[in-house]
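Bear in mind these aren't lab numbers, they're just calculated from the coordinates by the rules spelled out. What you see is a predicted model; the values in this text were computed from it and never measured. Cβ sites come from the backbone with ideal geometry, for glycine too, and all protein chains shown count toward neighbours.
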Amino acid sequence: MPINFVIPPRASELNAALQNKIDQKTKPLGALGLLEALALQIGLCQNSLTPSLNKPCVLIFAGDHGIAEAGVSAYPQSVTAQMVGNFLAGGAAISVFAKQHQLQLLIVDAGVNADLTRHPQLIAAKVAKGTRNFSNQPAMTEQQCAVALQTGAELVLQQYNEGCNCIGFGEMGIGNTSAAALLMHCLTGEPLAQCVGRGTGLDDQQLQSKLAVLEQAVQQHKNVTEPLTVLATFGGFEMAMMVGAYLKAAELGMVVMVDGFIAGTALLIAYKLQPQVLDYCVFSHVSSEHGHQALLRYFAVKPLLNLELRLGEGSGIALAYPLLQSAVVFLNDMATFAEAGVDQ
């Protein structure tokens, strides 16, 4: 499965000039903390001393998982399609947060196990009506995985061509915390028990049952280590589309906002394929889903928020986006010592 993305190195020659611009603002050195690092990162991503955030967009990729048949979720698979309807009706958390912060919101049917009604915000890109049950066979074929990757990339390119330079990816799919746990386990070596969490709210007994199902799946597919093979074996169509989307967004030099655990494990696949993708990623928050903190440590990154979220949907992206705005506005509009006539 060829990967043809070419992610450019960030404009390191601007590093000194951007840092000097940050340091000349009317504040003690480093006084704006992580906001200063964020301004520097955005400037480097855009190769500009005066970066901007244009037509920011959140794409929610939705898909169903065959592993839901094994009872790994507290909710039935039908909830995936129902929540897509809620997104489109404007009733979900991401819907109201995106509206609050003027983020364009688009929902992608990557593989929902239902026939969805047409809607202006819905992008029909269904690979199949859900993946297969990976407890006994790979979740998807190599061809299906390739189609999903390419589709995710094409959707990002479309937004870029419409003027978007800041994008984030959310997800919806009953059973996808199980898929994410296996992606993390296989690609980081973290013990499976440290990757498996309560997802949609499992009790202790249900959590142990979920862990047992996933342990059996690992034994069923021994020695699966290559990133795209891991993705095809355990992943979901929405996760595969996010992988292609991350890689394309970084290739285009976009600022990429990263949500929680599932979005993070999709990024993990992209990172294993092209490590430089992380240069373009802003990590919005640390989830309370078991395993996400370890994943962030693996990436060696600092998230902007810790609100104990475990919702997905891109909700953390929408909540963190104003911080990106603040980073850009202080870099561009805050007075320097010289401009303000303040002694340095």
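Points to keep in mind about this one:
- Check: the chain dipole with +1 on Lys, Arg Cβ and -1 on Asp, Glu Cβ, in debye: 100
- Placing unit charges on the Cβ atoms only, positive for Lys and Arg and negative for Asp and Glu, gives region 185-301 a dipole magnitude near 140 debye about its Cα centre.
- Given charges at Cβ of Lys, Arg, Asp, Glu: region 126-236 dipole, positive-most of Ala128, Val196, Gln150: Ala128
- The DSSP beta bridges internal to the chain are antiparallel in roughly 5% of cases.
- Burial ordering of Thr131, Thr26, Thr50, fewest other beta-carbon atoms within 10 Å first: Thr50, Thr26, Thr131
- Here's the picture: charge each Lys and Arg Cβ at +1 and each Asp and Glu Cβ at -1 in the chain, and of Leu268, Leu305, Gly66 the one pushed furthest to the positive end of that dipole is Gly66.
- Fewest neighbouring Cβ atoms within 10 Å first, the residues Arg10, Arg297, Arg198, Arg118 line up as Arg118, Arg297, Arg198, Arg10.
- Quarter of Cα convex hull surface for region 139-260, i.e. mean projection, nm²: 7.8
- Scaled radius of gyration (Cα, divided by 2.2 N^0.38 Å) that region 52-140 gives: 1.21
- Fraction of alpha-carbon pairs over 34 Å apart in the chain - percent: 22
- Most to least packed among 135-146, 244-255 [average Cβ atoms within 10 Å]: 244-255, 135-146
- Helix axis angle, 261-273 relative to the chain longest principal axis, alpha carbon, degrees: 80
- The orientation-averaged projected area of the convex hull spanned by the Cα atoms of region 1-102 comes to 11.4 nm².
- Extension gain for Thr26 to Ala300 (0.36 nm times residue separation, less C-alpha to C-alpha distance): 95.6 nm.
- Were the residues from Asn4 through Ala335 laid out at 0.36 nm apart, the gain over their Cα-Cα distance would be 114.8 nm.
- Using C-alpha pairs under 8 Å with a sequence gap of at least 6, the mean separation divided by the residue count of region 57-321 gives a relative contact order of 25 percent.
- 22 Å tail of the calculated P(r), region 203-344, as % of Cα pairs: 50
- Karplus-derived 3J(HN,Hα), 6.51/-1.76/1.60, for each residue of region 16-28, Hz, glycine and proline x: 5, 5, 5, 5, 5, 4, 5, 5, 7, 5, 6, 6, x
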